[in-house]
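A.B. asks: Quick one: the structure is below, and I'll ask about it shortly.
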């Protein structure tokens, strides 16, 4: 995924009300931009850190831009805009990067499914049947190791998605939880049991039901972000 036009650099002043961030651009301009991230962004931001943002000239938008990438307190780069994860995964699926999911004949997004009336990120159709793929963006990292974790805050919605996948797997339908690790210098991902033990338990139950768990890492720059390699999943 290339950023067109190219992202602009700035400095984070503060993030507040979850969806707002005050920044200072490289030219000294003060802006309030959109932060498309519903998580806590734990270990993902610090005041004064470098950020990169996309600017919009759409007169209908209330804010002039969106926070796309940030430099973490540990010196890594993180894709802040969680909406980018599905775009990255879709590109990788079509390019054959995610080898475990190659061979599909049709891809559909946001398909209604499940007992709890959820929407799956991707339904992939194969000659032998469908696969349901849920994508989560991972940005929580820690100093001193290269293992990321999910989630960065309690997420009942995330547990619900795992329950839906487990139900599909028990019924004989292929179900996949895919972690898109949008954090540089990471080799593996794990459930953040210290933050949300209920989610970690739901993940273990989903695996026992037959849900496949995959993690893929990205390369991140102000010019582009790409899914590039499979990462280990630690339980």
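A.B. asks: Which of the residues spanning the stretch 16-39 are in a loop (DSSP other than H, G, I, E, B) and either buried (at least 20 other Cβ atoms within 10 Å of the Cβ) or in contact with a helix residue (DSSP H, G or I) (Cβ under 7 Å, 6 or more places away or on another chain) (or both)?
C.D. replies: Selection gives 35, 37.
A.B. asks: Follow-up. Only one of these conditions is not met by residue 106: (1) over 30 Å from residue 186 (Cα atoms); (2) without any contact (Cβ under 8 Å) to a residue 40 or more places away in the chain; (3) touching a helix residue (DSSP H, G or I) at 6+ places or on another chain (Cβ under 9 Å). Which number is it?
C.D. replies: Answer for residue 106: the failing condition is (3).
A.B. asks: Going residue by residue through the stretch 136-147, is there one that turns out to be part of a strand (DSSP E or B), more than 15 Å from residue 220 (Cα to Cα) and without any contact (Cβ under 8 Å) to a residue 24 or more places away in the chain?
C.D. replies: No, the stretch 136-147 contains no residue that is part of a strand (DSSP E or B), more than 15 Å from residue 220 (Cα to Cα) and without any contact (Cβ under 8 Å) to a residue 24 or more places away in the chain.
A.B. asks: Suppose the filter is under 21 Å from residue 111 (Cβ atoms) and without any contact (Cβ under 8 Å) to a residue 60 or more places away in the chain; does residue 167 pass it?
C.D. replies: In short, yes.
A.B. asks: Checking the condition assigned by TED's automatic domain parsing to the domain that holds residue 131, more than 21 Å from residue 150 (Cα to Cα) and at pLDDT 95 or above, which residue from 30, 95, 49, 21 passes?
C.D. replies: 95
A.B. asks: Here is a follow-up. Scan the stretch 174-186 and report the pairs whose first residue is at positive phi and whose second residue is buried (at least 23 other Cβ atoms within 10 Å of the Cβ), with Cβ atoms within less than 7 Å and a gap of 6+ or a chain change.
C.D. replies: Within 7 Å, no pair qualifies.
A.B. asks: Then there is this: What about residue 222, is it under 30 Å from residue 55 (Cα atoms) and touching a residue at least 40 places away in the same chain (Cβ under 8 Å)?
C.D. replies: For residue 222, the condition - under 30 Å from residue 55 (Cα atoms) and touching a residue at least 40 places away in the same chain (Cβ under 8 Å) - is met.
A.B. asks: Shifting gears a bit: Please go through the stretch 1-15 and pick out each residue that is at pLDDT 95 or above and in a loop (DSSP other than H, G, I, E, B).
C.D. replies: Result: 1, 3, 7.
A.B. asks: Kindly provide the set of residues from the stretch 104-122 that are in a loop (DSSP other than H, G, I, E, B) and exposed (fewer than 12 other Cβ atoms within 10 Å of the Cβ), ordered by number.
C.D. replies: Within the stretch 104-122, 105, 115, 116, 117 meet the criteria.
A.B. asks: Now for a different question. Would you check if there is a residue in the stretch 174-182 being in contact with a helix residue (DSSP H, G or I) (Cβ under 8 Å, 6 or more places away or on another chain) and either part of a helix (DSSP H, G or I) or at pLDDT below 95 (or both)?
C.D. replies: Within the stretch 174-182, not a single residue is in contact with a helix residue (DSSP H, G or I) (Cβ under 8 Å, 6 or more places away or on another chain) and either part of a helix (DSSP H, G or I) or at pLDDT below 95 (or both).
A.B. asks: Within the group 77, 42, which residue is within 19 Å of the chain's Cα centre (by Cα), surrounded by 19 or more Cβ atoms within 10 Å (Cβ to Cβ) and either in contact (Cβ under 8 Å) with a residue 24 or more places away in the chain or closer than 30 Å to residue 20 by Cβ (or both)?
C.D. replies: 77
A.B. asks: Those residues that are closer than 22 Å to residue 162 by Cβ and touching a strand residue (DSSP E or B) at 6+ places or on another chain (Cβ under 6 Å), I need them from the stretch 210-228; list them, please.
C.D. replies: Across the stretch 210-228, the qualifying residues are 211, 212, 213, 214, 215, 216, 217, 227.
A.B. asks: Still on this structure, I have one more. Of everything in the stretch 45-74, what is closer than 19 Å to residue 187 by Cα and either surrounded by 14 or more Cβ atoms within 10 Å (Cβ to Cβ) or in contact with a strand residue (DSSP E or B) (Cβ under 8 Å, 6 or more places away or on another chain) (or both)? Give them in sequence order.
C.D. replies: 71, 72, 74
The values are calculated or read from the model by the stated rules, or taken from the named source; none is laboratory data. These figures come from a predicted structure and were not determined experimentally. Every residue, glycine as well, gets a Cβ built from its backbone with ideal geometry; the counts of neighbours run over all protein chains shown.
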